[in-house]
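Data block below; observations after.
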Amino acid sequence: MSQSQEFTFQTEIKQLLHILSHSLYQNREIALRELISNASDSLNKLRHLQLAEEQWRDENPLEVTLQPHKEARILVIQDNGVGLTQEELIQNLGTIAHSGSKEFFQNLVSSGKGDGSPDLSLIGQFGVGFYSAFMLADKVEVVTRSYRETTGWRWESDGSGRYSITAAGDEVPRGAQIRLHLKEELEEFLDPNRLKHIVRRYSTFVPFPILLEGAVLNEQKPIWVEPKSQVSDDQHNAFYQWLTHRTEEQPLWRLHLSSDSPIQFHAILYCPPTNFELLGFGENQHGLNLCAKRILVQDDCRDLLPDYLRFLYGVVDSADLPLNVSRETLQDHRLLPKLKKVLTRKVLDHLASLATEDAAAFQTFTRQFGSILRTGIGQDFENRERIAKLMRFQSTQTVGSGLELPESNEFRRTSLDEYLSRAAVGQEQIYYLAGTQVDAMSRHPHLEAFRKRGLEVLFLDDPVDEFALTQLRSFEGKDLISIDSADVRFPESTNPTVESEKPQAPGNFTRVLELFRGALDKRVADVRLSERLTDSTCCLVNSEGTMSSQLQKVLSTTMKGFEMSKRVFEVNPHARLTERLCELAGNPENDEFIRDCGRQLYSDALLLDGLIPDAEEVTNRSLRFMEELSRTRSVIVT
Ligand code: ADP
């Protein structure tokens, strides 16, 4: 027998092993889940080989066996799957390059509680794979033989930083035995009842039998092929927990589908109640389990749902997929785009009915996943109207006093359909205002004209919303338009009834506009009379066809060299200040003062839109105004 060879673990693994061996007691059970899941993956690989090539077939059933050895305090988890070669042992059990552990490690480190210590309660959700063995054991041995070799290997480590590999001869059966030399205080993991309980809790849906003392512990029931009415809530919850590793949780909603034509498939999709992306974890990238006639083909298939539904978990099983399809050939399989199309449609339809049937669940969904879903408007041309129907907004009607909405609670939002049901006669546009805070938006001068006419304006407080609506352009034939655009049209039905009652602009108003124009020459596209204002003195409006200011603001911070387009400065002829300036305009000596007022009004309008004017210019001017005003005041006490 050859000598044993010594190796050192990668630094990250050393750190990880240290964390794991000091892990919390209640996390230790999941180590068993991880090892059984590895065994199942390995059996699955062998099953695919057997389906593809005759030479790997034999009579032995593929299974996982648990063997507790009481006296030696060793628990063995054995499978007769593909096994590992010496090279694979070094590659897979010595580096952290592979998926599960690496991702977990990064998340663990970034999820620290602020004091540098990682949040270990997350171990269960991410799964650390093989290394979790060190949560249970002081020493771990892997005795294995690859299906391609005639002799086996023994890998061994005490988790302190080094491991050894020794040739183990031709007695070693195909597959892998993970031999856990249990920590002294963990003898309970040898108790058959305890093992039974853990397997039932975490590994019931593993698609191979898990044996203990000759009895099968798991049900392995593919509930997705059962008739919908025969699957209980408990079974769904258990299946959800198995798929997601979120052990204490229930799905927010589920969708159980069966179809015979045009494609045959069964599927169950689950939506989690919380969005990890919002908690600062990276993108959800788990994919769905894809099965062919109940046999798992790929456990993280991302080609079955569009990116904007990436947060769903589930399984899709189709008899139209050949059993021997491999991961590599799967990508080009013509069935996948068809399945994707059907599933997407079903999910969007389901969400639409959820909105009416379970308003509370739909609200939670909107809060958690609304912003991911909305990105679909730009990605999925075919379904964009469907997605738009699922969007919910605050508006001039939902904020503060206004119309009672069906969902009468704190999170009052309106759909585009509801908006249209309240639209004015002849209203051809859907009006919106984008910004960052609804409070500030609801006081914006642009709203005056809309309020006066009883027209509803949507408030978009998430930049994604405005991008989405810009891409959508119109909804049910009505153009979506930002209210700071010059393209805004008011429906005739909302015009003030007696046109002649509208007061004329005061004399000299044209002169005031001319002076403003001179003062703001290079900064604005034009200065003109405003029809839209009632109380405010002025506002800035986008020229026809340009993007809304909010969108431009977002772009100017994200795109280098992006220049905001010049806007139109509109002046309300009936505002108090304007009327006074018109009187003063009769005397040419006031020209410079009026120009200064124009400049100040322009700066104020920028501020109201959340844009920053030239600070030095503004402060100098207001200082001058104050000096001038203070000179008109008297020192004599009356
Ligand atoms: P992951 O399963 O996320 O890849 P693990 O740390 O659990 O990470 O396992 C690392 C690799 O070691 C696996 O990808 C697999 O190639 C190999 N491996 C682990 N357990 C077994 C086993 N029982 N039989 C064969 N290969 C295994």
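Hey, with R₀ at 22 Å, roughly what FRET efficiency would Glu382 and Lys228 work out to, going by the Cβ-Cβ distance, to 0.05?
Computed FRET efficiency for Glu382 and Lys228 comes out at 0.25.
Can you spot the lysines whose alpha carbon is less than 25 Å from Lys338's alpha carbon? Ignore those fewer than 8 places along the same chain.
Leaving aside lysines fewer than 8 places away in the same chain, those within reach of Lys338 are Lys228, Lys293, Lys346, Lys389.
Restricted to Cα positions, what overall size does the chain have along the principal axes? Three whole-Å values, descending.
110, 58, 43
Quick check: the distance between the Cα centres of the stretch 236-271 and the stretch 188-217, to the nearest angstrom?
Here the two parts' Cα centres lie 23 Å apart.
Can you list residues from other chains, or at least 5 along the same chain, whose modelled amide H is less than 5 Å from the amide H of Ser485?
Here Asn542 satisfy the definition.
Sequence neighbours fewer than 8 away in the same chain don't count; with that in mind, list the aspartates and glutamates whose C-alpha is under 12 Å from Lys14.
Counting by Cα, and skipping residues close in sequence, Lys14 has these aspartates and glutamates nearby: Asp158.
Length gain on complete extension for the stretch Thr534 to Glu617, per 0.36 nm per residue less the alpha carbon to alpha carbon distance?
In short, 27.0 nm is gained.
Two-decimal Rg/Rh of the stretch 185-257 from alpha-carbon positions, Kirkwood Rh?
Rg divided by Rh gives 1.03.
If you rank Met391, Met564, Met135 by fewest surrounding Cβ atoms within 10 Å, what's the result?
Least to most surrounded, the residues fall as Met564, Met391, Met135.
Please find the FRET efficiency linking Arg443 to Thr244, where r is the Cβ-Cβ separation and R0 is fixed at 35 Å, and quote it to the nearest 0.05.
So the FRET efficiency works out to roughly 0.20.
Check each of the trypsin sites (Lys or Arg not before Pro) in the stretch 498-579 and keep only those in coil by DSSP with at most 10 other C-beta atoms within 10 angstrom; list them in order.
Passing both the DSSP loop test and the Cβ count: Lys522, Lys560.
Sequence neighbours fewer than 8 away in the same chain don't count; with that in mind, list the aspartates and glutamates whose C-alpha is under 18 Å from Lys70.
Correct list for Lys70: Asp138, Glu141, Glu184, Glu185, Glu187, Glu188, Asp191, Glu213.
Would you mind checking the stretch 241-281 for residues with the amide N under 17 Å from a putative spin-label position 7 Å along Cα→C-beta of Gln235?
Residues 241-243, 251, 254-259, 266-270 qualify, since their backbone N sits under 17 Å from the label point.
If you stretched the chain out fully between Arg345 and Glu185, how much longer would it get, using 0.36 nm times the residue separation minus the C-alpha to C-alpha distance?
52.3 nm
According to a simple spin-label model (label point 7 Å from Cα along Cα-to-Cβ), what is the distance in nm between Glu219 and Arg633?
Placing both labels 7 Å along Cα→Cβ, they lie 8.1 nm apart.
Determine the distance separating the Cα centre of the stretch 449-510 from the Cα centre of the stretch 43-92; give it in Å without decimals.
When both Cα centres are located, 69 Å separates them.
List Phe593, Phe516 from most exposed to least, where exposure is judged by having the fewest other Cβ atoms within 10 Å.
Ascending number of Cβ neighbours within 10 Å: Phe593, Phe516.
Can you compute the modelled spin-label distance between Ser164 and Glu579, with each label point 7 Å from Cα toward Cβ, in nm?
9.9
Taking only DSSP H segments of four or more residues, each worth -39500 (n - 2.57), what value at 222 nm results for the chain once the sum is divided by all its residues, to the nearest 500 deg cm²/dmol?
-11000 deg cm²/dmol
Using DSSP H assignments, which helices in the chain have an axial alpha-carbon span of 18 Å or above and a mean Kyte-Doolittle hydropathy of 0.0 or higher?
Once both thresholds are applied, what remains is 335-357, 359-374.
If you count, for each residue, the other Cβ atoms within 10 Å and average over each peptide, how do 578-591, 362-375 line up from highest to lowest?
362-375, 578-591
So, how do all the Cα-to-Cα distances of the stretch 522-638 break down into 10 Å bins, in percent, from 0 on up?
With a bin width of 10 Å, the distribution comes to 11, 36, 33, 14, 5, 1, 0.
Per residue, what volume in Å³ does the Cα convex hull of the stretch 223-359 take up?
About 119 Å³ per residue, rounded to a whole number.
Provide Asp260, Asp526 in ascending order of the number of other Cβ atoms located within 10 Å of each residue's Cβ, fewest first.
The fewest-first ordering by Cβ neighbours comes to Asp260, Asp526.
All of the numbers you see were taken from the coordinates with simple rules; none came from a lab. In this text, all values refer to a predicted model and were calculated from it rather than measured experimentally. All Cβ positions, even for glycine, are placed from backbone atoms using ideal geometry, and neighbour counts span all protein chains on display.
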